[in-house]
1. Would you mind getting me the FRET efficiency between residue A:313 and residue A:67? Use the beta-carbon distance for r and R0 = 45 Å, nearest 0.05.
2. Could you give the nm distance between label points at residue B:36 and residue A:234, where each point is 7 Å from its Cα heading toward the beta carbon?
3. Kindly provide the pair-distance distribution of the stretch B:2-220 built from C-alpha pairs, with 10 Å bins from 0 and whole-percent values in order of increasing distance.
4. Given Cα pairs under 8 Å that are at least 6 residues apart, what percent is the relative contact order of the stretch A:50-158?
5. Under 12 Å from a label point 7 Å along Cα→Cβ of residue A:224: give me every residue in the stretch B:86-126 with its amide N that close.
6. According to a simple spin-label model (label point 7 Å from Cα along Cα-to-Cβ), what is the distance in nm between residue B:19 and residue A:103?
7. Can you grab the distance from the C-alpha centre of the stretch A:268-336 to the C-alpha centre of the stretch A:79-145, Å, no decimals?
8. How far apart, in nm, are the 7 Å Cα→Cβ label points at residue B:82 and residue B:123?
């Protein structure tokens, strides 16, 4: 296992750099996760309208209605002045104006006449409010018919019935990203930079012409050398993958472990790791100077991360950018990751989409290995 | 031990090796001497099966040398022209790594690594990285990496290029010591003095062809020049030059800027005869040198150009 140990020794000598990339990744992930969580916290709340009330009645029922509306909306009392009312609607200071007529009880409860509502033209908010008012008046009417006094009927109508509601989203998507989703989203940056850098530098060392010739002239067969190199690649890639997964557990391990689709997340990251290993392998074959490795890895990793939705959400990317991104493996990692973050119910079509994304990533791996073999063959002829 | 027959290697139109024939016996220090670009490194690469060749055969330890002949490779140590070590490993780790390509047993390897470190005199530098070493120490590390597993055959491709004289002497002494311990050495160089100093047999290569092969004495005997006499500060007329040219065993003279160079075949008393002539004709002269032929003379006479060209 001399070749394997050689890789490990060189990896050890590059530990400082690996640690730096791991710290950057952890820092970016934590920062983005905390920012994302504060901005994306969401809750369902009833819509509150700005309502103006012109009370020409001033009776018990009118007061009861105003109190009822105040519980659900922002209510202000307004004088019965046409100009004031028109101004308030024109400048949209209020969404609607309710005019309570004289003899409100007689006209609207006993007489079943509709309460006049004036709204901002072209808006639909008034429907919501008028439904609530109708409900209130219907209840008062019903309680009165049942023999209750007006005061009792108003009190009963003001009590709003509430119940717990569980939403069933048939689209299978949620509106927010789980906390650990950020770690998965930024993983391409870690994998691409750390793996391409470290393995690129190691391969560059091994591919120096004279070192390579010395290895070729040695008693260790080429097949064995290749096998030990691949093992070393997998070990280095695996170590960085384990770190990334541990970080995910640190961020919100409980939530991740409870996620029914954690297996898909793991498969996706493994596919990404293979893609990154394959890219670093090709890079190492093409480049044999450490400075050149540096010059290539930075634009390669940053470019791919920006184009494929790692740093910028895919939904913000332009159509033309996406056309290009589709030819990059990280894009397929990110779309699968996005789908998993949004997924509430794993439907057959979502599962198919995920398998397609994973498959495309593996195809990229196969293509990159093909390129690597071709480059390797070409370089062999150069000796 | 090694037999190379009719080896031909072409790079497109360029013929790097042109029907090269070499035979190397066990226990020799065999020198491959030739100017830069003469085909020495190509010959070594073909010998190690690092390079495919167009024609010919290469046998090492009486078996055809193929890329998968690991039994033969196990007995070969390689010291390449450029320093081939890992910058990320220190001296000991480098030697241990390359020794590990031949020796699996960790205990045995440790012993061999320590021996190699002692042999090249790097005891005080074992924890240093290559970039912390001077050029000479780096070359010694390069050698230690190639010989740590104590191979039967050591191939050294210009191991003293860009090395200071002190380190060069140390390296040459080391090569002779390795040979005394039983290793056969193939040593390529374009420094004729080095080859002359350490090699028991020499092949002179030019344009991929072996133009002469033998011991240094045999090579020198192949050429006309037996002695080269140089006389400075001498004023000669045409008639004097014609008469000197007629002296026994003189076959070539050159006269320029009051300096006379006389080339004689390998006979005795050439110098005495030339000096007697000058005294008899009352011709004053300055300093006098008499040199035996060098490998450069051999190369010059065979190819018509200096080895260093």
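What follows draws every value from the coordinates through simple rules; no lab data is involved. Values in this document were obtained by computation on a predicted structure and should not be read as measured data. No Cβ is skipped: glycine too gets one built from the backbone with ideal geometry, and neighbour counts run over all protein chains shown.
1. Values: r = 45 Å, r/R0 = 1.00.
Here the calculated transfer efficiency is 0.50.
2. If labels sit at residue B:36 and residue A:234, their model points lie 4.6 nm apart.
3. P(r) over the stretch B:2-220, rounded to whole percents: 8, 34, 36, 18, 3, 0.
4. Values: 139 pairs, mean separation 31.6, N = 109.
Relative contact order for the stretch A:50-158 comes out at 29 percent.
5. Flagged as within label range: B:100-105.
6. Label at residue A:103, label at residue B:19, 13.4 nm between them.
7. 60 Å
8. Calculated label separation equals 3.4 nm.
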